[in-house]
Amino acid sequence: MVDAWNRLRTAAPRSATALIADSALGALFLVLLLVERLVVAPLPVASLPVALTSGLGIAVGLALRRRTPLAAFVLGSTALLFGVLVTPPSVLAPYANQIGVYSVGLHATRRRAHSGLIVMIICIAGYFAAVQPTPRPASIGGVVFVWVLAWLVGYGAARRREEQLAARRLMRRQAVAEERARIARELHDLVGHTVNLMLVQAGAGRRVLDRDPAKARELLAGIEQTGRAALTELDRVLGVLRRDSQEGDGEAGDGEAGAPGLADLPALAERMTKAGIGVRVRLDPALPELPRSLDLSAYRIVQETLTNALKHGDATSATVTVRRDGGSLDIDVRDDGHGSPPGYQPGRGLLGIGERVALFGGTLEHGPSGSNGFRVRAVLPLPGNVTSPPEARKPVSTASPPAGRDPSPGNTASPSKGQDPSPQNSASPPEAHDPSPADGASVLPDGPAT
């Protein structure tokens, strides 16, 4: 509704300007026709009313050539034929008719433009039938050719304009679809991650409520903290979306200030640990300062992978390794859960990760990790202007498995949805990489639990 009002508000001044310009053109032709009839080639006094009426009709047709192209052309052609039937032919009047036929092709709809072509043929035939002596066929053919050429030029320009408008509408629809997909990714990552953490913490609190009230209070405090953090993040996302809708064009809100990034992985690991999965984070000190959109996407990939490991894989521990590999950012997440059933198709979580990876032209692979567990690896190309690591990159501590969870292989559950072992579901999978110190990544030693 707002867009339609804006288009109407901007189109009105253009229409008024075009009408003023066309009225000035019609007035100019009327003055020139009067000068021709009164000064250059004077007419008898008895013929002046006819010449004036014909000139007025031609001038009005020019003034309305964009507002009502076909009706204006019919009016101008009728005035031209009326004048040539009573008075000697004018030298200037046919040029006004040529402008009219061009305007029909340019400004009329397809059907009306085709009708204008028929009106043009009738007008030319009537004009040369009234002119005495009758011109040679070659002259008539030349006039027909020039008039048809003018119509074709206008008609072709109108069709090109229609194609451009259709292309712009298609681009707008694509932009809307991409924006909806971006919103869906953000809300899925935010709401899905938070709700899963809160459900796990609530379930654990219910189980220990009677025998360990202190632990239950700790879990309830964790739920409260997770909820508050989710509200803050949701407010940020909605604020970004409002600014995007107001600005209309521009970059997506992924790059807005306040968005989480790789520097927030320790806090994410701490929340996941409280929820029941010990997370160890390893950040390469050689990581450069990333663009905010890439930094946020890397964070979301890790967040969604850990959420899947907790929700679907029943994992007790996970390792997150983020390193620079030449001109790429290598993200490797492994857990010790039960993996996924054979032939599973990716769900919304993995599909969302794939969309984020594809957005940056990267590659994604996911599947079983060894005898048990699940692995997700994303490789995102770094921009060409990203060269040096940031000065303020701090060592990242690791999170140990939470108390009360047994990380042994025997702590498994029946296969469930959420993960995909099939290689065909990965986009151009790169060669598998084991994030060990021998690979060049600076693996930080284990520290206290975060």
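Things worth noting here:
- If the chain linking Asp235 and Gln98 were pulled fully straight, counting 0.36 nm for each residue of separation and taking away their Cα-Cα distance, it would gain 43.2 nm.
- Peptides 211-221, 136-146, 349-359 ranked from most to least packed by the mean count of surrounding Cβ atoms within 10 Å: 349-359, 211-221, 136-146.
- The relative contact order of segment 2-134, computed from alpha carbon pairs under 8 Å that lie at least 6 residues apart in sequence, is 23 percent.
- Stretched out straight at 0.36 nm per residue, the stretch from Ile20 to Glu163 would grow longer than its current Cα-Cα span by 48.7 nm.
- Local electrostatic count, Ser369, Cβ distance below 9 Å [Lys/Arg +1, Asp/Glu -1]: 0
- Taking the average, over residues, of other Cβ atoms within 10 Å as the packing measure, peptides 276-282, 16-22, 163-169, 149-155 rank 276-282, 149-155, 16-22, 163-169 from highest down.
- Neighbour net charge for Gly205 - beta-carbon separation under 13 angstrom, K R +1, D E -1: +2
- Extension gain, Ala214-Thr109: 0.36 nm per intervening residue step, less the Cα-Cα distance, totals 30.1 nm.
- Under the shape rule built on the C-alpha gyration tensor, where the axes satisfy a ≥ b ≥ c, segment 2-134 is oblate, since a/c reaches at least 1.5 while a/b does not exceed b/c.
- Net charge of neighbours whose Cβ lies under 14 Å from the Cβ of Leu52, counting Lys and Arg as +1 and Asp and Glu as -1: 0
No lab work stands behind these numbers, since they all come straight from the coordinates. This structure is a prediction, so every number in the text was calculated from the model and none was measured. For neighbour counting, all protein chains shown are included, and Cβ atoms are generated from backbone atoms with ideal geometry for every residue, glycine included.
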